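The values are calculated or read from the model by the stated rules, or taken from the named source; none is laboratory data. Small disclaimer: the values here were computed from a predicted structure and weren't measured. Using ideal geometry, Cβ is built from the backbone for each residue, glycine included, and neighbour counts are taken over all protein chains shown.
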Amino acid sequence: MNPRYLPLLATIAIFILAYALCYSQYPNMLSTRVVGNLLTDNAYLGIAAIGMTFVILTGGIDLSIGSVIAFTGVFIAVLLANTSMHPMSVFALALLISTCFGALMGGIIHTLEMPPFIVTLAGMFLARGMAFVLSTESIPITHDFYDTLQDVFFRVPGKGRLTLIGIIMIVTVIIGVVLAHRTRFGSYVYALGGGLPAAKLMGVPVARTTVCVYALSGFMAGLSGIVFSMYTSAGYSLAAVGVELDAIAAVVIGGTLLTGGSGFMIGTLIGVLIMGLIQTYIIFDGTLSSWWTKIVIGGLLFTFILLQRGLVWVTSRARI
Amino acid sequence: MMNRLHPALRRILPQLITLVVVLGCNVLVFPDFFKIEMANGRLYGSIIDILNRGAPVALLAIGMTLVIATKGIDLSVGAVMAICGAVAAAAVAGGSDVATAVVLALCAGIACGLWNGFLVAVLNIQPIVATLILMVAGRGVAQLITEGVILTFTNEGLIFLGSGSLMALPMPFLIWLGFGVLTAILVRKTALGLLIEAVGINLRASTLSGVRGNVLIVAVYAISGLCAATAGIIVAADIKGADANNAGLWLELDAILAVVIGGTSLLGGRFTLAGSLIGAMIIQSINTGILLSGFPPEFNLIIKAFIILVILIIQSPIVQSVLFAMRMPPDLSNDDAEPVEGGSARDRDASVQKEGMAP
């Protein structure tokens, strides 16, 4: 078997095992209602993590997404409260801004040849600062269109609800899978992560791909911000602090190599679901504190990084 | 005139000029900026406040400089601060004296640093990822120690470390200054600093030439943990309580920024401790200046973002090579010299940074 699939299989195995463990204690865990909520509650994280997966596949990192989510939320809330613009046009504007923001960062990373880490750190400060400048208070969103959107859901057997934002996340994942594994852009992304000199020699348009990847990540962060504003019905400049770390953790738990070049979109979805599952379990249990989530995620991160190191070691030994 | 300056001073000249410019801007918006008065046996004033409030970032920057010099990065320092503050608070709340509490907290910090160093040096994990683990899990651990509450304490000795004063100067300032001087002597009066730079430039080559690179890497992460522990104790002592959620939140980014402003490259190699400390003071001066000017503090982050951008542009290989070509005497221009390293590269930054950051 191709060792590339091992991290993904490990992720899936851990997810099934964890779910089985939860199910054995709380049989309600498998009800469609819990599954539906799992998708709804983690929709914004899932969407942001898909964008992050592309960035990490190229060997980069995007620290700005949490701030961009907050900025998008505040931006939407401020525009809806102060103008009579229709939410759909506000969404379009927000997505345009976040995409351009990502593209700008990608451009800087490529032209200045600086580490993505520090460039996106500046982006993180900038986006959070812009959100603060727009408003430091939490602005509620009260718009009929929002109520309509929040009422859109499919009833699944067993009283479960598949909400609109859950559907948006699933569609995003599907688009991400197609984009990564079935298009030329996807191959470029993997090639870039595999090694810059090799990618250049193969004729990969490095500049265009780098800019596109960060623009895509910005777009996903903007979309995630829209979903987050639907989820919370408010825009708050201090919201979504640290989401970038959760997204990175989900990507790593999903089996994507942080050095780039290897990983699967579907793994990221499962990584997000594992993190959501831990939270759901803690809520079901009731006696555990929520900070256990962080510790368990840290432990999982460690396990997966070790697993990846082991795999790299094994495959490099096999080649010699 | 420039050449007569001590080389060490010449290297940090751009940072000093930036600091003077920032302080000058502060005087413009707040005329009483340099006023220092004596009250209750200690000095008060904006300058003293900057030296005092900048202590956590300055301490973190010391450890971070060494880590970055080995081509690493330590994202976990903020979480380590929270852990160590919690350990110190829990120790005094449990009835032990100040010395025990401080020693316990410092040991916790060193242990965290050793863990990071182990992951980076022994397991060969990328530094960003290796320290990310503790960054994510660390606050959870701190919460476990404080049991989810803000653990307050009334121990005079511990509070003294955060808000007391000695010889009319605030304790946090004396602590970071002492720490900085000690570290500087340790790395600059021995070969240690040179070896750290060698490891940062090329780990493999330096290992082959007999440097025990892995031991050095573990050591710098341990020092970073120690610095974070000290900063954590100061922050906890300052607010008389350990707040696991907010102690040191995002300070790792400020510390990295201080190091980068200080002129140490994120790509490893040559480092300057004095530059990083001045960088920390520049950041704090900007923070204080924004507060004093009555500008909403919201602009703080935007200004920081632009400063990073300006520094990135100055440090970028393209700008560096253009500047290098301009500065090069014609007879040397086809020489194969390193554009980034070397003393002449440093004073080149001076003129650029002065122009770039003056507004």
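When A:ALA81 is tested against (1) within 14 Å of chain B (Cβ to nearest Cβ); (2) touching a strand residue (DSSP E or B) at 6+ places or on another chain (Cβ under 7 Å), just one condition goes unmet, and that condition is (1). Does A:GLY218 meet the test of being in a helix (DSSP H, G or I), touching a residue at least 12 places away in the same chain (Cβ under 8 Å) and in contact with a strand residue (DSSP E or B) (Cβ under 9 Å, 6 or more places away or on another chain)? Answer is no for this residue. If you filter segment B:109-128 down to residues that are buried (at least 22 other Cβ atoms within 10 Å of the Cβ) and under 19 Å from B:VAL57 (Cα atoms), you find that the one that is nearest to the other protein chains (Cβ to nearest Cβ) is B:CYS112. Sub-8 Å Cβ pairs linking a first residue in segment A:22-40 that is within 22 Å of A:MET230 (Cα to Cα) to a second residue that is of a type in the set (Ser, Thr, Tyr) and surrounded by 14 or more Cβ atoms within 10 Å (Cβ to Cβ), at least 6 apart or interchain, are A:VAL34/A:THR280; A:GLY36/A:THR163; A:ASN37/A:THR280; A:LEU38/A:THR280; A:LEU39/A:THR163; A:THR40/A:THR163; A:THR40/A:TYR231, ordered by first then second residue. Scanning segment A:117-126 for residues that are more than 7 Å from chain B (Cβ to nearest Cβ) and more than 12 Å from A:VAL241 (Cα to Cα) yields A:THR120, A:GLY123.
Quick check, is B:ILE256 buried (at least 24 other Cβ atoms within 10 Å of the Cβ), in a helix (DSSP H, G or I) and either acidic (Asp, Glu) or within 14 Å of another protein chain (Cβ to nearest Cβ) (or both)? Talk me through it step by step, then tell me what you get.
Details: buried (at least 24 other Cβ atoms within 10 Å of the Cβ): yes; in a helix (DSSP H, G or I): yes; either acidic (Asp, Glu) or within 14 Å of another protein chain (Cβ to nearest Cβ) (or both): yes.
In short, yes.
Whether a residue is in a helix (DSSP H, G or I), in contact with a Pro (Cβ under 6 Å, 6 or more places away or on another chain) and assigned by TED's automatic domain parsing to the domain that holds B:VAL181 was assessed, and B:VAL235 passes this test.
Yes/no matrix, rows are residues, columns are (1) part of a helix (DSSP H, G or I); (2) under 20 Å from the mean Cα position of the chain (by Cα); (3) basic (Lys, Arg):
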position	(1), (2), (3)
A:LEU258	no, yes, no
A:MET275	yes, yes, no
A:LEU288	no, no, no
A:GLY298	yes, yes, no
A:GLN308	yes, no, no
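Once segment A:127-165 is narrowed to residues that are more than 14 Å from every other protein chain (Cβ to nearest Cβ), more than 19 Å from A:PRO87 (Cα to Cα) and not hydrophobic (A, V, I, L, M, F, W, C), the residue that is surrounded by the most Cβ atoms within 10 Å (Cβ to Cβ) is A:GLY160.
The residues of segment B:203-231 that are of a type in the set (Val, Ile, Thr) and either in a loop (DSSP other than H, G, I, E, B) or more than 15 Å from B:GLY193 (Cα to Cα) (or both), listed by number, are B:THR207, B:VAL211, B:THR230.
Each residue in segment A:265-303 was checked for being at the interface with chain B (Cβ under 10 Å from one of its Cβ atoms) and surrounded by 17 or more Cβ atoms within 10 Å (Cβ to Cβ), and 11 of them qualify.
For segment B:179-198, the criterion of being among the acidic types (Asp, Glu) and free of Cβ contacts under 8 Å to residues at least 24 places away in the same chain is met by no residue. Looking across segment B:142-159, the residues that are within 9 Å of another protein chain (Cβ to nearest Cβ) and more than 24 Å from the chain's Cα centre (by Cα) come down to B:GLN143, B:LEU144, B:GLU147, B:GLY148. Please determine, by comparing only the residues of segment A:98-116 that are surrounded by fewer than 18 Cβ atoms within 10 Å (Cβ to Cβ) and under 24 Å from B:PHE299 (Cβ atoms), which one is nearest to the other protein chains (Cβ to nearest Cβ). That would be A:LEU104. With respect to B:ALA345, determine if the residue is away from every other protein chain (no Cβ under 14 Å), modelled with pLDDT of 70 or more, assigned to a helix (DSSP H, G or I) and out of contact with any Gly (no Cβ under 6 Å at 6 or more places or on another chain). No, not satisfied. When A:THR148, A:THR209 are checked against the criterion of being part of a helix (DSSP H, G or I) and under 23 Å from the mean Cα position of the chain (by Cα), a single residue qualifies: A:THR209.
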